[in-house]
Every structure is written in C-alpha cells, then in structure tokens.
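Below: the structure, in structure tokens.
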Ligand SMILES: Nc1ncnc2c1ncn2[C@@H]1O[C@H](COP(=O)(O)OP(=O)(O)OP(=O)(O)O)[C@@H](O)[C@H]1O
C-alpha cells in the first residue's frame, strides 16, 4: 500500500503539443481515486506517467515516499490493468496469472499458492484450465486483474478496464472491483470517462479538463458543491440545469445551476411557467424535459407514477438552498452572495 504524489508535472509530446501544462496531485494511501474527464483531457497520459510507460517532461513522481520519476516501470511497485486485457491467448488462465511470477523465478509452491488465492478472490477457480478465447469479457478482465494481484503491488492502476463490457456486466464488475478494494485495502488509481463509474467506485474523484485539474473531492462533495461550471455540468446524470441571463443575474451570477431533483413542481403555481416537451419514464423516477420563457430548456425529476403528458403546463420552483451560482469565468460564487439575494427576496 502506497501514496502517490505528483509535483509540477508537465507533459509535452515530441510534436510539441503540451497535454498537461502543470499538475499537482496527492493520492492518499489506500484510497480508490478515480481520474475522470472528457476524451482527450489527459487522463490516460497521467496514468501512464505514474506507471512509467510515459516519461514526464518536467516535475516529479513519488510512490510510497520514493522518487520514481526516472525509475523503470517494472521497478515502481505498481501493476496496471488495461482496457484490452492483454492476455496471452495460447496460455491457460492459471498460466496467464502465473506468468509474471515465473519470469521473476519465484519458487513453484509460492506461485501456486498465489494463483489459488487470486482465483479465489476473483471467482476464477473453475476456469483455471481454460484459454482466454473460452472466457467471457468479464472473465477475461478478471484474469487480467488476477495477474496484477499476484504481484502484490503498492498501487494498482486501471485504464478504463470495463469499457469493453456490456452494460449489465459493467455493473457487476463495478461491484466486484469495489469489494476487491475493500479486501485488498491497496491504493487504486482508476481512469474512466464514465461519471457513474467514478461516482460509485471512488472515495476520491479527480475531475480533469484539458490537462488541468478542475476539482478533487469525494463523490458527494463534487455533486453537492461543484467549484466550477465544468464540474457542475460533468458530474450528475441527468445533467444539472444551467440557466443564464436575467434569472442568474438576479442572483448576482452569470450562470445559475439547479439539479433536476431540486425543483418543486406544481400544476397551479410556482416561479417559472413551463411546457412539457418530453416525458421519460424510468420506473422509480420520471424525467420531464420542459421549456420555459424565463429559464429556457430544463430537466425536472418527478415521481415514477406522475401523471403527465407532452404539452402540459407546469409551474417550477427551485429550492433556494440548492442553487449553484457561477461567475463569468465559471467559478463558484461564495454562498453569501446567494444568501444575500435570498434575504432580499425574503425567501430565507
Ligand atoms: N504519443 C502522443 N503524441 C502526441 N499526442 C499524444 C500522444 N498520446 C496522446 N496524445 C494526445 O494527448 C491528449 C490526451 O490523451 P489521453 O489519451 O491522455 O486522453 P484521455 O483523457 O485518456 O482520453 P480518452 O478518454 O479518449 O482515452 C490527446 O489530445 C491525445 O491526442
């Protein structure tokens, strides 16, 4: 188990594109940290630099207190699991898991015990004699994780390990990964562009945008208190409503955010009169996509059994304590700004 610290990291590729200008990050020992952000923001590059598969242009990386900036990947006390599994097709599951330990010339009895332990942890006991082609996608990914586990690394690195799996299997593997982290209690750093994966797996999320860190925090902190407009729009599904114009200005903001579940809905009265454009029924909840003259297009959460139809008129009232005000640079305004405004409206 080890902590990871990145200081003043810059990455410029040989063609002179700077993908990461200057990044500082401390990853706690034993944490499950998820790097999340849109395609091309530099998540994989950052992970590969921690792994030692990519050099850093400037700055330093320490793992478990040891400066590994110029240390080879194999000597960094890490194990990496890729999206593509990278299994040897001609070897059995047991041989695949055993491979690194054979190379390292560990004694046979020790290797056997470790393969058996990994197989037990990952529910692979019945499959040890099969070849990768005889396994499902989820089972192959478990073998790849098994190969990482037997190395007993201080840090596990995962690069979008579930993105080749179908939705049902992804959910199952997500739960298994969370359990694995609880059992092993090892630092895990996980790259994904899927914010649901980030919210459910992480105890710490790092939101990246164009090579910079937007915010670091627990899933609920990012959800309840996004510090930037980018994080507000990125975390949460369906997305937070972001309202510009006069309504935002009335709160001293350039943009006002309100989540679909934080809007009270009435048929008789409220702040904004809206027309229902589309209703999406998901069972437990429904989402209404509505249009209003004052606030533009918005999404509102309703109970699953709400009787509602396209063209209906509704009145919406945002909950005052759930508003997120942002300035013209996309930075969150201090709470006092909104409290003052609400006080002047006698809402609090
Ligand atoms: N070897 C390279 N040379 C030049 N540019 C590169 C190289 N590798 C990656 N890049 C660029 O660096 C940027 C970040 O890539 P990276 O793979 O880290 O993004 P990502 O956030 O992981 O994206 P995705 O979610 O699509 O995998 C991209 O613009 C990419 O084109």
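Considering every residue within region 175-189, establish whether at least one is at pLDDT 90 or above, within 16 Å of the ligand (Cβ to nearest atom) and within 14 Å of the chain's Cα centre (by Cα). Quick ask: steps written out before the conclusion?
Just the residues of region 175-189 that are at pLDDT 90 or above, to begin with: 178, 181-182, 186-189.
Okay, now just the ones that are also within 16 Å of the ligand (Cβ to nearest atom), so 189.
Next, from what is left, pick out any that are within 14 Å of the chain's Cα centre (by Cα): 189.
Yes, because at least one residue in region 175-189 is at pLDDT 90 or above, within 16 Å of the ligand (Cβ to nearest atom) and within 14 Å of the chain's Cα centre (by Cα).
Conditions tested, residue by residue: (1) within 32 Å of the chain's Cα centre (by Cα); (2) under 30 Å from residue 57 (Cβ atoms); (3) assigned by TED's automatic domain parsing to the domain that holds residue 57.
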position	(1), (2), (3)
69	yes, yes, yes
88	yes, no, yes
95	no, no, yes
117	yes, no, yes
139	yes, no, yes
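Give the residues of region 297-335 that are over 19 Å from residue 258 (Cβ atoms) and not in a loop (DSSP other than H, G, I, E, B), sorted by residue number.
313
Within region 246-260, can one find any residue that is in contact with a strand residue (DSSP E or B) (Cβ under 7 Å, 6 or more places away or on another chain), within 16 Å of the ligand (Cβ to nearest atom) and in contact (Cβ under 8 Å) with a residue 60 or more places away in the chain?
no
Would you tally the residues in region 193-209 being modelled with pLDDT under 95 and within 14 Å of the ligand (Cβ to nearest atom)?
Here the count works out to 5.
Determine, yes or no, whether residue 81 is modelled with pLDDT of 95 or more and either over 17 Å from the mean Cα position of the chain (by Cα) or crowded, with 21+ Cβ neighbours inside 10 Å (or both). Outline the logic, then answer.
Working: modelled with pLDDT of 95 or more: no; either over 17 Å from the mean Cα position of the chain (by Cα) or crowded, with 21+ Cβ neighbours inside 10 Å (or both): yes.
No, not satisfied.
The values are calculated or read from the model by the stated rules, or taken from the named source; none is laboratory data. Note that this is a predicted model, so its numbers are computed, not measured. Here the Cβ is made from the backbone with ideal geometry for all residues, glycine too, and neighbour counts use every protein chain on show.
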